[in-house]
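All remarks here apply to the structure that follows.
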Amino acid sequence: MTFRIVVFISLCLSVGLAWIIESGATDVFLEAARPDFQKIPLGVAGIDNSGGAESPEGRIRLGSRIEEVLKADVRRSLVFSLVDLPSIGIKVGHLGAVPDPEFKKAAEQGVSVIVWGKAGMTNDAKDPDVNMDGYVYDAGSDEMVGGKRYAGGTSVVRLMAHRFADELVFRYTGEPGIARTKIAYVSEQGSARELFVMDYDGYDSRQLTADGFLNLMPKWSPDRRFIVFTAYRNRNTQNIDMIELATGKRWTLVSLSGLNITPALSPDGNFLAFASSHEGNSDLYSLDTRTKAMQRLTVHAGGDLSPSWSPSGRELVFTSDRSGGPQIFLMSMDGTNVRRLTFEGNYNAAPAWSPRGNWIAYVCRSPKKEYKICLITPDGQKRVQLTSGPGVDDAPSWSPDGRHLVFSSTAGGKSQIYMINADGKDLEQITFTGTHNSAPTWSPAS
Amino acid sequence: MKRLQSIMCAPLILGSILLGLSGCFSKAVQSGGEGQSAQQGAAKGSNEGGVSQNIPDTSFFGQNGSDGLRGLDKNPSEERLGGNTLTAKADPGSASRQMEELRAEQLASEAAGLRDVLFAYDSFAISEEGRQVLARNAEWIKSNSGAHVTVEGHCDERGTLAYNLVLGEKRAKSVRNYLVELGVSPKQLLVVSYGKERPVCAEHTESCYAQNRRGHMVVKAGK
């Protein structure tokens, strides 16, 4: 199935051309539709090793490690296309802050941006300090247009590369980039399922809970400080809990009887939408986190669950089996104006509204009874099946730039977490260890 | 657009429901903050519990923390980066308590001879075979009037995690309702859904799927 629709014109957003297009009752933030958009050619002319570290070997690893992370970030940004400089005859390896004459040669061959830098480590064997300088050459002005100088412990080496990559994206698009974003997920620990958080590229995984039973379906607060999720604290009740990442402090927000699942905070952080079955079957509710007033949004004999907010916070997309099998529905945030969005297939669930508003990702069951990731526009006009093949795909979650999705899949046997571009390209597995990793959810950008 | 008008009365209905619900709020008060301890004694499947009155401020004004980008600079000053501050708050006491409870319940359930009810794909209807299983289970529960039984609804691995929780609850409620039809006191029964999160069989095969689509009854230990 060809899929040609998603063209991201971040450059236009950077100069303020974000259009809000009203489409039916849904609001859609469309990036400018410029089909001729080209990624910006960017070359990395090396992150070299400055003096300091005890062993030359350690120093070599430091520079090349940072360079490797930076290149992967640049590639995943989808804003730049990574040019291999040596392959077009450009020498790499430049320690100074002054652009090398080689850069002009690269510019003549169409490279728009060249980044380079150096990294070093202090001699303190126990607690070495790492520093990194990064510079940016812009072919348009033929000069070094800016740089960064980072310092920190050895635990922030990858973060230095991520921050530098995000600075590049920010400079050329006005958007913060995704290299410093994180993915929360659920991982099987013995017979329990616990919450974890990792970097967006799958590194630096940290365990958040250790309750010994089930913790499910995490979602971020818009300020990235909290994660809301379903916790089976005493095994018989599913509460909606919130955990503060910096401290591990926990609150129980909802402890109604029955199922309390699929929490999602609104983009302004003021409302928690969730599903609860305390009044019979699973229905949707909205909790005002300031007044603590709870509003019932759906009143129906069918099961309603998995609310996901539109970027404006005015609408919700959700799963409902009111018409038989699960289907995707839309409604206003006050529960009015309910309408069915999906009609293809008899199993559509787990919707996630893109932060750009233009797509809703969800799990669709193919005619071959395979559970795959699909995309549909909020007006229902365009529908695309994004993944294919064996295995159960579940829990799609958008990157904050709307260019990628993470999801879980049993394609390789065990449930693991994968990343894919919104145009279906660059499928990348990002978790490899453990027996069962599921329910990935991408953090907002910062 | 016509649909829109036909739903104009919905806010009124919702409003009245809200009024009805407001009674829940007063009994829903929990001390938040140290939410962990507040929850230890909370509703064991009863109709207690509700919405916390102590929720930290989650309002978002477009700022998220101090780790924002500062832009490139021709003469950059040093940015010192802090390490990852995330901390796992392990509660080994809770984990081992859960394991002990699970073991005790498993033993009690095996001793009682309660058997599983199996379901068809995508279905929460109880089969003829399931009715026979439940008839036997009901006899045990009725003759042990002090026992409390948790009916767990489970699903196979196909489908989404979230929808399987709803499907699992439907299965558990089907079982509960049929047991009540057979004369079991509803007070002895508690319903919980584990969706596809606690399979008994891990293979990706039809026979495994069939074993996992089950209504499982456990005798609660203690109380």
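The values are calculated or read from the model by the stated rules, or taken from the named source; none is laboratory data. Source: prediction; values computed, not measured. Cβ placement follows ideal geometry from the backbone for every residue including glycine, while neighbour counts extend to all protein chains displayed.
Give me a count of the residues in segment B:34-83 that are at pLDDT 70 or above, among the hydrophobic types (A, V, I, L, M, F, W, C) and surrounded by 13 or more Cβ atoms within 10 Å (Cβ to Cβ).
6
Suppose the filter is surrounded by 13 or more Cβ atoms within 10 Å (Cβ to Cβ), modelled with pLDDT of 90 or more and touching a His at 6+ places or on another chain (Cβ under 7 Å); does B:Leu165 pass it?
Working: surrounded by 13 or more Cβ atoms within 10 Å (Cβ to Cβ): yes; modelled with pLDDT of 90 or more: yes; touching a His at 6+ places or on another chain (Cβ under 7 Å): no.
Taking the combined requirement at face value, the residue does not satisfy it.
Out of A:Pro390, A:Pro400, A:Pro367, I need the residue that is surrounded by fewer than 19 Cβ atoms within 10 Å (Cβ to Cβ), part of a loop (DSSP other than H, G, I, E, B) and within 11 Å of another protein chain (Cβ to nearest Cβ). Which one?
Going through A:Pro390, A:Pro400, A:Pro367 in turn, just one is surrounded by fewer than 19 Cβ atoms within 10 Å (Cβ to Cβ), part of a loop (DSSP other than H, G, I, E, B) and within 11 Å of another protein chain (Cβ to nearest Cβ): A:Pro390.
Exactly one condition in (1) in contact (Cβ under 8 Å) with a residue 40 or more places away in the chain; (2) within 14 Å of chain A (Cβ to nearest Cβ); (3) assigned to a helix (DSSP H, G or I) is false for B:Ile141; which is it?
With respect to (1) in contact (Cβ under 8 Å) with a residue 40 or more places away in the chain; (2) within 14 Å of chain A (Cβ to nearest Cβ); (3) assigned to a helix (DSSP H, G or I), B:Ile141 is out only on (2).
Being surrounded by 18 or more Cβ atoms within 10 Å (Cβ to Cβ) and of a type outside the set (Lys, Arg) narrows it down to one of A:Ala151, A:Ala165, so name that one.
A:Ala165
So, in segment A:412-443, how many residues would count as being buried (at least 16 other Cβ atoms within 10 Å of the Cβ), part of a loop (DSSP other than H, G, I, E, B) and out of contact with any Lys or Arg (no Cβ under 9 Å at 6 or more places or on another chain)?
Residues meeting the conditions: 4.
When you scan segment A:273-286, how many residues do you find that are facing chain B (nearest Cβ under 8 Å) and surrounded by 24 or more Cβ atoms within 10 Å (Cβ to Cβ)?
3
For A:Val113, all conditions in the list (1) within 25 Å of A:Glu428 (Cα to Cα); (2) under 28 Å from the mean Cα position of the chain (by Cα); (3) among the aliphatic types (A, V, I, L, M) hold save one; what is the number of the exception?
Evaluating A:Val113 over (1) within 25 Å of A:Glu428 (Cα to Cα); (2) under 28 Å from the mean Cα position of the chain (by Cα); (3) among the aliphatic types (A, V, I, L, M) leaves (1) as the failure.
Quick test for you: out of A:Ser408, A:Ser446, pick the one residue that is in contact with an Asp or Glu (Cβ under 6 Å, 6 or more places away or on another chain), closer than 26 Å to A:Asp166 by Cα and surrounded by fewer than 23 Cβ atoms within 10 Å (Cβ to Cβ).
One residue alone meets the criteria, A:Ser446.
Within segment A:370-387, take every residue that is assigned to a loop (DSSP other than H, G, I, E, B) and in contact (Cβ under 8 Å) with a residue 12 or more places away in the chain and give me the one that is surrounded by the fewest Cβ atoms within 10 Å (Cβ to Cβ).
Within segment A:370-387, the match that is surrounded by the fewest Cβ atoms within 10 Å (Cβ to Cβ) is A:Lys382.
Kindly list, by first and then second residue, each pair from a residue in segment A:154-166 that is more than 9 Å from every other protein chain (Cβ to nearest Cβ) and farther than 15 Å from A:Asp124 by Cβ to a residue that is in a helix (DSSP H, G or I) and among the small types (Gly, Ala, Ser), limited to pairs with Cβ atoms under 7 Å and residues at least 6 apart or on different chains.
Pairs that qualify, where the first residue is more than 9 Å from every other protein chain (Cβ to nearest Cβ) and farther than 15 Å from A:Asp124 by Cβ and the partner is in a helix (DSSP H, G or I) and among the small types (Gly, Ala, Ser), are A:Ala165/A:Ser77.
Residue-wise test of (1) within 16 Å of A:Ser282 (Cβ to Cβ); (2) within 11 Å of chain A (Cβ to nearest Cβ); (3) surrounded by 18 or more Cβ atoms within 10 Å (Cβ to Cβ); (4) aliphatic (A, V, I, L, M).
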{"site": "B:Leu161", "(1), (2), (3), (4)": "yes, yes, yes, yes"}
{"site": "B:Glu169", "(1), (2), (3), (4)": "yes, yes, yes, no"}
{"site": "B:Lys173", "(1), (2), (3), (4)": "yes, yes, yes, no"}
{"site": "B:Glu181", "(1), (2), (3), (4)": "no, no, no, no"}
{"site": "B:Lys187", "(1), (2), (3), (4)": "no, no, no, no"}
{"site": "B:Ser193", "(1), (2), (3), (4)": "yes, yes, yes, no"}
{"site": "B:Ser207", "(1), (2), (3), (4)": "no, no, no, no"}
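May I ask you to list the residues in segment A:303-333 that are outside any strand (DSSP E or B), under 16 Å from A:Asp283 (Cβ atoms) and touching a residue at least 40 places away in the same chain (Cβ under 8 Å)?
The one that is outside any strand (DSSP E or B), under 16 Å from A:Asp283 (Cβ atoms) and touching a residue at least 40 places away in the same chain (Cβ under 8 Å): A:Met333.
When you check A:Met198 against the structure, is it touching a residue at least 24 places away in the same chain (Cβ under 8 Å) and crowded, with 23+ Cβ neighbours inside 10 Å, yes or no?
Answer is no for this residue.
Can you tell me which residue within segment A:233-256, out of those that are part of a loop (DSSP other than H, G, I, E, B), crowded, with 24+ Cβ neighbours inside 10 Å and hydroxyl-bearing (Ser, Thr, Tyr), is nearest to the other protein chains (Cβ to nearest Cβ)?
A:Ser255
Condition check: within 26 Å of A:Arg76 (Cβ to Cβ), basic (Lys, Arg) and assigned to a loop (DSSP other than H, G, I, E, B). Does A:Arg356 satisfy that?
yes
Applying the selection to segment A:321-335, what residues are within 10 Å of chain B (Cβ to nearest Cβ) and buried (at least 18 other Cβ atoms within 10 Å of the Cβ)?
Result: A:Asp321, A:Pro326, A:Met331, A:Ser332, A:Gly335.
Mind telling me which of the residues A:Ala361, A:Ala350 ends up being touching a helix residue (DSSP H, G or I) at 6+ places or on another chain (Cβ under 6 Å), under 21 Å from A:Glu315 (Cα atoms) and not in a loop (DSSP other than H, G, I, E, B)?
The match here is A:Ala350.
Restricting attention to segment A:183-220, which residues are more than 28 Å from B:Gly168 (Cα to Cα) and within 8 Å of another protein chain (Cβ to nearest Cβ)?
Within segment A:183-220, A:Asp204, A:Arg206 qualify.
For residues in segment A:256-295 being under 23 Å from A:Asn236 (Cβ atoms) and hydroxyl-bearing (Ser, Thr, Tyr), which is modelled with the lowest pLDDT? I'd like the intermediate steps shown before the answer.
So the first thing to find is which residues in segment A:256-295 are under 23 Å from A:Asn236 (Cβ atoms), and the list is A:256-263, A:272, A:274-285, A:287, A:294.
Next cut, hydroxyl-bearing (Ser, Thr, Tyr) only: A:257, A:262, A:276-277, A:282, A:285.
Working: A:Ser257: 91, A:Thr262: 98, A:Ser276: 97, A:Ser277: 95, A:Ser282: 96, A:Tyr285: 98.
It comes out as A:Ser257.
Rundown of residues vs (1) surrounded by fewer than 23 Cβ atoms within 10 Å (Cβ to Cβ); (2) among the charged types (D, E, K, R), yes/no style:
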site	(1), (2)
A:Leu62	no, no
A:Arg75	yes, yes
A:Ser81	yes, no
A:Pro86	yes, no
A:Val92	yes, no
A:Leu95	yes, no
A:Ala107	yes, no
A:Asp124	yes, yes
